[in-house]
Amino acid sequence: MFKKTIVFLFIILLLNMSLCLAASSDDNAMIAVALYIDTSGHYIPGTDFLNKALNEVIRFKINALFLGSEVQSGNAVLRDLTRCGITNTTSATPDLLSTYASNAHVNYVMLFTIHPLDFSLDLKAFSSATNSYLVDKSITRPDGTEALSTFDTFSAMISDQLTEIFQTIHS
C-alpha cells in the first residue's frame, strides 16, 4: 500500500511539472534591470556597496511584485546595454532599448540612474511589446527623508517607483 501511494504521488508530481513547463512563456515576465550611479566625476566612498545593496533591493521588490518573473540584473546587463550603445538612462532611446530587448529576450527593461550628490533618480521603464516607454521621469528626494541614510532614501524611492511600474503594467 505504501509503495502504491509513493508511486501515485510521484506520477502526480511528474504530471504537474510537465504541465507547468508547458505553460505559455508570455505569462512570465522577463525583466532586465540596470542601475547606474552617477557621481559626476567625484569620488564618493561606498558607491560600490550602495550599488550592490540597491541591486538586491530591486531584485527583491521585482520578485515580490512580479511573481514568476525572471529578473536579469548586474554587470552582465550593463555590459550588454553598453554593447547596444546605452550607457545611462539619458542615452537610452526606444530604438536602442528595442534592440537590447530582442537580443536579451526580455519583455521589460528598467533603467535607474541615481545621483547621490543631489539625491535624485532618473528612471526609464520600457516595454518591448509596445516598443515604448512605460515610465520616463526624474524624481527628487521626497520631503521628510532628510534624516534617512543614502541607502534608505534611494531604497524607498526605487521601491515606490517599482510599485508604480507594476501597476502600470497590470492596468
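Odds and ends about this structure:
- When residues of the stretch 137-162 are limited to those that are assigned to a helix (DSSP H, G or I) and over 17 Å from Ile62 (Cα atoms), the one farthest from the chain's Cα centre (by Cα): Thr150
- The residues of the stretch 32-49 that are in a helix (DSSP H, G or I) and without any contact (Cβ under 8 Å) to a residue 12 or more places away in the chain, listed by number, are Asp48, Phe49.
- Tallying residues that are of a type outside the set (Val, Ile, Thr) and farther than 26 Å from Asp48 by Cα within the stretch 90-121 yields 9.
For (1) part of a helix (DSSP H, G or I); (2) of a type in the set (Asp, Glu), each residue gets a yes or a no:
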position: Asn51; (1), (2): yes, no
position: Arg59; (1), (2): yes, no
position: Asn63; (1), (2): yes, no
position: Gln72; (1), (2): no, no
position: Gly85; (1), (2): no, no
position: Tyr100; (1), (2): yes, no
position: Asp118; (1), (2): no, yes
position: Val135; (1), (2): no, no
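- Residues of the stretch 50-72 classified as closer than 22 Å to Asn88 by Cβ and either out of contact with any Leu (no Cβ under 9 Å at 6 or more places or on another chain) or in contact (Cβ under 8 Å) with a residue 40 or more places away in the chain (or both), total: 12
- Every listed requirement among (1) surrounded by fewer than 16 Cβ atoms within 10 Å (Cβ to Cβ); (2) touching a Phe, Trp or Tyr at 6+ places or on another chain (Cβ under 8 Å) is met by Asn63 save one, (2).
- Qualifying residue in the stretch 111-132 (condition: in contact (Cβ under 8 Å) with a residue 40 or more places away in the chain, farther than 19 Å from Ile37 by Cβ and within 18 Å of the chain's Cα centre (by Cα)): yes
- Evaluation of Ile165 against (1) under 20 Å from Tyr100 (Cα atoms); (2) among the hydrophobic types (A, V, I, L, M, F, W, C); (3) part of a loop (DSSP other than H, G, I, E, B) (one fails), failing number: (3)
Just so you know, all these numbers are worked out from the coordinates, no wet-lab data involved. Everything quoted here is computed from the prediction, not taken from an experiment. FYI the Cβ positions are ideal-geometry reconstructions off the backbone, even for glycines, and counts take in every protein chain you see.
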